[in-house]
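J.: Would you mind keeping the following structure in view while I ask a few things?
The values are calculated or read from the model by the stated rules, or taken from the named source; none is laboratory data. In this text the structure is predicted, and so the values were computed from the model without any measurement. The accessibility values were calculated without ligands, DNA or RNA, using every heavy atom of the protein model including side chains. Shrake-Rupley method; radii C 1.70, N 1.55, O 1.52, S 1.80 Å.
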Amino acid sequence: MLRIARNLLLIVLAALLLPYLVTPLYRTGHPASLLMAWRYVTGAPVSRQWVDLAAMAAPLPRSVVASEDAKFCTHRGVDWGALREVIDDAEDGEASRGGSTITQQVAKNLFLWPGRSVVRKALELPLALWIDFVLPKPRILEIYLNIAELGPGGQFGAQTGSLYAFGHGASMVTAREAALLAAILPNPHTRSARNPGPGIRRLAGIYIARAQVAELQRCWAENR
């Protein structure tokens, strides 16, 4: 019995340490998310064409940063201020808001499971700090834009999401189209960039304005 418990403990420790060992290898290559892997295993459709960040139209990364994580270039993986606001809202009984940074979403998508839980968040936070420590900011955003779910039928990444929604690739995305893709990121199963409703069009307008003031070139220069 003791041997079984010890072996189980070793398995758990290995599973916890594996993401930390694997993350430095993601400076190159085309990593896939756990959701993509699960869909492959279960036979569900998966479509993803990797595209480098430099090959994407400039409005796309700007729109995603503006909509998902305005402090992406300045925090170190976790926006502690935003996290405290979420905790305060929860304590006051207010509706929970999203407080995850892009880096946290990369940690979740690559190594953890969807849904909200204290356990997942406890695993996600230190992992996001580690990802920010070992990977440059442009690479983190590049990974995110290639593993985010951007369509209702297994479309992953900016290239496939853009092809599905607009009929052309990520290199040709306009400012409006980039904002529409950013607007559906929370749930591409209920939100559509292909046939956007009034709410999505309104959000896209907000993100267009925010993206115009999002300056990423200095961020890239300082975080390579």
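J.: For Val119, Val134, what's the largest-to-smallest order of accessible area, 1.4 Å probe? Could you put the intermediate results ahead of the total?
T.: On the way: Val119 95, Val134 20 Å².
Output order, biggest surface exposure first: Val119, Val134.
J.: Let me ask another. Starting from the Kirkwood Rh over alpha-carbon pairs, what translational D in µm² s⁻¹ does the range 21-66 have by Stokes-Einstein at 25 °C and 0.890 mPa s?
T.: Here the translational diffusion coefficient equals 188 µm²/s.
J.: If the chain between Ala122 and Trp80 were fully stretched, how many nm would it gain, using 0.36 nm times the residue separation less the Cα-Cα distance? Show your work: numbers first, answer last.
T.: Values: separation 42, 0.36 × 42 = 15.12 nm, distance 1.37 nm.
Full-extension gain reported as 13.8 nm.
J.: Then there's this: Taking only protein heavy atoms into account and a 1.4 Å probe, give the accessible area per residue of the chain in Å².
T.: Ligands and nucleic acids excluded, the figure is 54 Å² per residue.
J.: With N set to the number of residues, divide the alpha-carbon radius of gyration of the range 83-209 by 2.2 N^0.38 Å and report two decimals. Provide the component values of the computation, followed by the final result.
T.: Values: Rg = 15.6 Å, N = 127, 2.2 N^0.38 = 13.9 Å.
The range 83-209 yields a ratio of 1.13.
J.: Radius of gyration and Dmax for the range 1-117's Cα atoms, expressed in Å?
T.: Here Rg and the maximum Cα pair distance are 18.1, 58 Å.
J.: Mind checking which lysines have their C-alpha under 19 Å from Lys137, skipping anything on the same chain fewer than 8 residues away?
T.: Once the sequence-local lysines are set aside, what remains near Lys137 is Lys71, Lys108.
J.: A further question follows. What's the carbon and sulfur percent of the chain's accessible surface, probe 1.4 angstrom, rounded to a whole number?
T.: 60 percent
J.: Taking the Cα centroid of the range 135-165 and of the range 1-21, what is the distance between the two, rounded to the nearest whole Å?
T.: Answer, in whole Å: 32.
J.: One-quarter of the Cα convex hull surface for the chain, in nm²? Walk me through the intermediate numbers first.
T.: Details: hull surface 56.6 nm².
For the chain, the mean projected area of the Cα convex hull comes to 14.2 nm².
J.: Still on this structure: Can you show me the helix-derived [θ] at 222 nm for the chain, built from DSSP H runs with n ≥ 4 at -39,500 (n - 2.57) apiece and divided by the number of residues, rounded to the nearest 500. Before the final figure, lay out the partial values.
T.: Details: 11 runs with 131 residues, N = 224.
Calculated from helices alone, the mean residue ellipticity at 222 nm is -18000 deg cm²/dmol.
J.: Moving to a separate point now. Rounded if a/c is under 1.5, else prolate if a/b is larger than b/c, else oblate: which is the range 143-202, with a ≥ b ≥ c the root eigenvalues of its Cα gyration tensor?
T.: Oblate shape, in that a/c is at least 1.5 and b/c is the bigger or equal ratio.
J.: Let me ask something else about it. Express in whole angstrom the spacing between the alpha-carbon centres of the range 180-205 and the range 68-88.
T.: Each part's Cα centre sits 23 Å from the other's.
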